[in-house]
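Single-structure report; data block below.
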Ligand SMILES: *Cc1c(COP(=O)(O)O)cnc(C)c1O
């Protein structure tokens, strides 16, 4: 039986055979590769990478990870050189030149029309409503009767306008337009409250979803996107795609960024963009250059402007680059949400300011053969805190440091616990110290010194100087070898690792009866000492040298 995809595809495409080396990725990785006319030697030393080899064509590991993240089967995923390539592939595979058409709802993302023009496909336009919302009924009415219409490209959340279309509306549209492919571009969905259409794939054979790592995952430079669709549609696209769409580097970078270890940080970054979006939108409402801001579920704002020439001049003077567009009302801007200090500069060009506290965030990504760690610290926020090192007691200790330190700490470690806990504890403290050092910046205004002496039956004293010079001294001993899986001998080692990475003097002394209490006192006291030392109390660098 002919599948929907086969009925829709250009006949010439169906006759092609997808590119394949004839081996799966594992067979190539573990085999003697005399199949692809590669050069056995490479230029460049260790660490240069195996660039003499072709990358996997559709990397199985990456596809497996994406299918996990997007909640679809591996046979529903095609990896492409950005979602942009996927758009082009769809048009080339399904639209016969000088005959078939695509439908779009302008104003919308430009690549749909570009791909159609390249393919000599017609473009049917059914614009958004006057307030830039998508009217499903009107769209269906406008395009349903069109002859030789093959694909409707709908972006949700929408670009450049920023609004979203509900999942129910989109599903109903797919049903009503069952004769054509409905491609839903979810490039910005991670920034919105919308749920992906991915779980509808099994029911809707004409549904295609476009995803990208460029926006929410911060990988625009890696050029990685994906098509999610029925295995039949994926099979047609396989025939069309270039043999090696992604480079070895891009595959490697994407795999690292998508590692479960980084999930907390990816989510944090998305949250920060959304918070900034709301802050910037609120402040911009007070600018006389702003006529209207459309509600946004993305990482940008669509702003209809007043007095565009002056605004343009002011933005140019501050070297702030934005996307100028013609809206129905006049000149509009698509303003990407940047880092808080960048957004402040943009707000200043708009002649408004927004109350924003100081930002002190720090990160560390540390990858060795023994551990893979990601850490994010926000010294200006007491939450969230989420720690997962695989060592329960140690998680609890780091939670104490964050709680008593009064800062947000996200830390995930995938360590070689099958060996023992040593590398995990040591490397987590190194990564924690490096992230904290990153968050401190030049240390302007901070107290620098901290001391704490919490008491129980146990007593710990932790003295900290965030001097920029590592030094560590630990006095105290423990009698129980283990607390859970946590070896007590690691405590002094943990503080030493921290002092090295944080470049701080840390003096610890502890005594008492119960080793659990003693260890916990050390970490709590560390939190308290860090709270004092990192507190902002002036506007000067706390050293007579002028640097830390
Ligand atoms: C940015 C963007 C894309 C392109 O993503 P790449 O993966 O970088 O090619 C696709 N669709 C929309 C609506 C976009 O804004």
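What follows is calculated from the coordinates using simple rules that are stated; it is not laboratory data. None of the values given here were measured: they were computed from a predicted structure. Cβ placement follows ideal geometry from the backbone for every residue including glycine, while neighbour counts extend to all protein chains displayed.
Structure above, values below:
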item	result
Normalised contact order of region 54-258, rounded percent, pairs of Cα under 8 Å and 6 or more residues apart	27
Sites residue 511 and residue 60 - FRET efficiency at Förster radius 41 Å, r taken between beta-carbons, to 0.05	0.15
Rounded to 5, the percent of DSSP beta bridges in the chain classed as antiparallel	65
Degrees, to the nearest 10: 231-240 long Cα axis against longest axis of the chain	80
Pair-distance profile P(r), taking every C-alpha pair of region 173-310, with 5 angstrom steps and integer %	2, 8, 13, 15, 16, 15, 13, 9, 6, 3, 0
P(r) tail fraction, region 265-349 - alpha-carbon pairs more than 15 Å apart, %	55
Cα-based Rg / Dmax (Å) for the chain	27.7, 85
Distance between region 129-177 and region 316-368 - C-alpha centres, whole angstrom	30
Angle in degrees between helix 248-257 and the longest Cα principal axis of the chain, rounded to the nearest 10	60
Average Cα contact separation per residue, the chain, under 8 Å, 6 or more apart, as relative contact order %	11
Distance-filtered residues of region 481-497 - backbone nitrogen under 17 Å, label point 7 angstrom along residue 368 Cα→Cβ	490-497
Sequence ranges 481-493, 304-316, ranked by mean other-Cβ count within 10 angstrom, highest first	481-493, 304-316
Residues 143, 508, 208, sorted so that the one with the fewest Cβ neighbours within 10 Å comes first	143, 508, 208
Computed lengthening from residue 51 to residue 419, 0.36 nm per intervening residue step minus Cα-Cα distance	129.2 nm
Computed over region 337-379: relative contact order in percent, which uses C-alpha pairs under 8 Å that are six or more apart	28
Gained length - residue 17 relative to residue 249, 0.36 nm times residue gap less alpha-carbon distance	80.8 nm
Calculated FRET value between residue 125 and residue 313, using beta carbons and R₀ = 41 Å, to 0.05	0.80
Linear extension gain, residue 540 paired with residue 27, 0.36 nm per residue minus alpha-carbon span	178.6 nm
Degrees between helix 263-284 axis and first principal axis of the chain (Cα, 0 to 90, nearest 10)	80
Value at 222 nm in deg cm²/dmol, rounded to 500, when DSSP H runs of n ≥ 4 in the chain each add -39,500 (n - 2.57)	-11000 deg cm²/dmol
